[in-house]
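Enquirer: After the structure tokens below, expect a handful of questions from me.
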Amino acid sequence: MKLIFAVLAALCFIHPALAKEAAPLAEDPVVEKRMIEISEELRCLVCQNESLAGSQADLAKDLREEVRGLIKSGKSDEEVKDFLVSRYGDFVLYRPQVKPVTYALWGGPFILLLVGIVVLVSFLRKRGKQIDEAPLNEADRHRAEALLKDVQS
Amino acid sequence: MNKFTLPLIAFVALVALLAIGLNLNPREVPSPLIGKPAPDFKVPQLQDPNATFTPKDMQGKVWLLNVWASWCVSCREEHPIIVEYAKRGQLPPVVGLNYKDKRDDGQRWLARFGDPYLLSAFDANGRVGIDYGVYGVPETYLIDKTGVIRFKQIGPITPTVMEQKILPLVKELEK
């Protein structure tokens, strides 16, 4: 038992030495902020459900470095994104550009909504016609009024 | 027409659409580089640090650029196929791009598994890989005589891909 404690105690001392060193903070916080803003809009192709900003994949690290370099050389956000799209394709953009190939993607939901509304309206109209109009006759009206009075009093 | 016919057709169409979507491989992202000139670069060679390689050296030839690394597991699956086809003389010149590797490791890997390459370019920091849109090794590019990328294989080349896609296209481009 004592031995186990001794080993555990020893491990406590060893641990900090084994821990990984924190990654150095970027020299320029402004560049870093823009880099993160841009790369949050971009998909990491290695782990496709992660953004470039959040991924720990090697390629993502390289690409973040690349983005930093582009920002430092004075490129605009759009130019940085174009740089990546020209190499990896539209798929890297979480927010696809509006162009002929993506019209269906952007317009599809609205077309579906429109179809839904048309179907709903025509269904309601049809149903309205199916219900027989039963006009209130004089006797019924009196009965109804009497009932209402009864409730109010 | 039964009143269920239309909803049924719509349902079957939706299922078909989803089935197609589910069977697509999300790793196969169409490369925007197909039909575009292969990006230029100039890097040292793997075997001879003093010699360099640039795609311009291959002008006028149909050739393959095969991205590989010693740390890449699927490359071991693919490599024997390239070696085999190169031995039979069925392949155009193949240039390797040793991607994010250590020189020693790369050289040792070729010594152990065979070297089917005309030469291997040494892309130590992966900068060339970024220009070619490499995101998962192995990847292979087929480049025509004018230096335009005609085909990209993402992931290991299988005998089927070789027989049905690469070799017929090479034949056509070499005409």
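Enquirer: Would you please report the Å³ per residue occupied by the convex hull of the alpha carbon atoms in region B:21-175?
Expert: Working: hull volume 17.6 nm³, N = 155.
Spread over its residues, the Cα hull of region B:21-175 gives 114 Å³ apiece.
Enquirer: Obtain the nm distance between the two label points defined at A:Ile117 and B:Arg127 by a simple spin-label model: each point lies 7 Å from its Cα along the Cα-to-C-beta direction.
Expert: Between A:Ile117 and B:Arg127, the label points sit 5.5 nm apart.
Enquirer: Let me ask something else about it. Report, to two decimal places, the Cα Rg of the protein assembly as shown normalised by 2.2 N^0.38 Å (N = number of residues). Numbers along the way, then the final one.
Expert: Working: Rg = 31.4 Å, N = 328, 2.2 N^0.38 = 19.9 Å.
The protein assembly as shown yields a ratio of 1.58.
Enquirer: Wrap a convex hull around the Cα atoms of region A:17-142, take a quarter of its surface area, and give that in square nanometres.
Expert: 17.7 nm²
Enquirer: Subtract the Cα-Cα distance of B:Gln59 and B:Leu17 from 0.36 nm times their separation in residues, and report this length gain in nm to one decimal. If you can, show how the numbers build up before the last one.
Expert: On the way: separation 42, 0.36 × 42 = 15.12 nm, distance 4.35 nm.
Working it through step by step, the gained length comes to 10.8 nm.
Enquirer: Can you sort A:Thr102, B:Thr146, B:Thr160 from fewest to most other Cβ atoms within 10 Å of each residue's own Cβ?
Expert: Details: A:Thr102 14, B:Thr146 11, B:Thr160 8.
Taking fewest neighbouring Cβ atoms as first place, the list is B:Thr160, B:Thr146, A:Thr102.
Enquirer: Give me, ordered by chain and number, the residues 5 or more places off B:Gly147 or on other chains with an amide H under 5 Å from its own placed amide H.
Expert: Counting only residues 5 or more places away or on other chains, the set is B:Gly60.
Enquirer: Further, regarding this structure: In whole Hz and in residue order, list the ³J(HN,Hα) couplings for region B:50-57 that follow from phi through the Karplus curve 6.51 cos²θ - 1.76 cosθ + 1.60, θ = phi - 60°; x for Gly and Pro.
Expert: 7, 8, 10, 9, 9, x, 4, 4
Enquirer: Using 7 Å Cα-to-Cβ label points, what is the B:Asn25/B:Arg112 separation (nm, one decimal)?
Expert: 2.6 nm
Enquirer: Grab the beta carbon distance between B:Leu167 and B:Ile34, set R0 = 22 Å, and tell me the FRET efficiency rounded to 0.05. Display every interim value, and only then the final one.
Expert: Values: r = 18 Å, r/R0 = 0.81.
In this case the efficiency is close to 0.80.
Enquirer: Let me ask another. In units of 2.2 N^0.38 Å, what is the alpha-carbon radius of gyration of region A:23-97?
Expert: So region A:23-97 has a normalised radius of gyration of 1.01.
Enquirer: Further question: Residue by residue through region B:29-45, which ³J(HN,Hα) values in whole Hz follow from phi under the Karplus form 6.51 cos²θ - 1.76 cosθ + 1.60 (θ = phi - 60°), with glycine and proline marked x?
Expert: Computed from phi, the couplings for region B:29-45 are 8, x, 7, x, 7, 5, x, 10, x, 5, x, 7, 7, 9, 9, x, 7 Hz.
Enquirer: Right, another one. Can you tell me which of B:Leu65, B:Leu119, B:Leu24 moves the most in a GNM of chain B? Springs connect C-alpha atoms under 10 Å apart.
Expert: Taking springs between Cα atoms under 10 Å, the residue moving most is B:Leu24.
Enquirer: Binning at 5 Å from 0, report for region B:43-89 what percent of all alpha-carbon pair distances ends up in each bin.
Expert: Percent of Cα pairs in each bin: 5, 16, 17, 22, 25, 14, 1.
Enquirer: Between A:Val151 and A:Glu50, what FRET efficiency comes out of the Förster formula 1/(1 + (r/R0)^6) with R0 = 56 Å and r the beta carbon distance, rounded to 0.05? List each step's numbers first, then the result.
Expert: Details: r = 64 Å, r/R0 = 1.14.
Efficiency, from the Cβ-Cβ distance: 0.30.
Enquirer: Spelling out what I want: for every residue of region A:29-37, take phi, set θ = phi - 60°, compute 6.51 cos²θ - 1.76 cosθ + 1.60 (Karplus), and round to whole Hz; glycine and proline get x.
Expert: Result, rounded to whole Hz: x, 5, 4, 4, 5, 5, 4, 5, 4.
Enquirer: Hey, another quick one. Calculate, for A:Asp28 and A:Thr102, the FRET efficiency according to 1/(1 + (r/R0)^6) with r their C-beta to C-beta distance and R0 35 Å; round to the nearest 0.05.
Expert: 0.50
Enquirer: While we're here: Over 27 Å between C-alpha atoms is what I'm after, so list which of B:Lys100/B:Lys152; A:Lys129/B:Lys3; B:Lys87/B:Lys171; A:Lys72/B:Lys61; A:Lys33/B:Lys42; A:Lys99/B:Lys152 land there. Could you put the intermediate results ahead of the total?
Expert: Working: B:Lys100/B:Lys152 20 Å; A:Lys129/B:Lys3 18 Å; B:Lys87/B:Lys171 18 Å; A:Lys72/B:Lys61 38 Å; A:Lys33/B:Lys42 33 Å; A:Lys99/B:Lys152 24 Å.
Long pairs (Cα-Cα over 27 Å): A:Lys72/B:Lys61; A:Lys33/B:Lys42.
Values quoted throughout were computed directly from the atomic coordinates according to the rules given, and no laboratory measurement underlies them. In this text, all values refer to a predicted model and were calculated from it rather than measured experimentally. Heads up, the Cβs are rebuilt from the backbone with ideal geometry, glycines too, and the neighbour counts pull from every protein chain shown.
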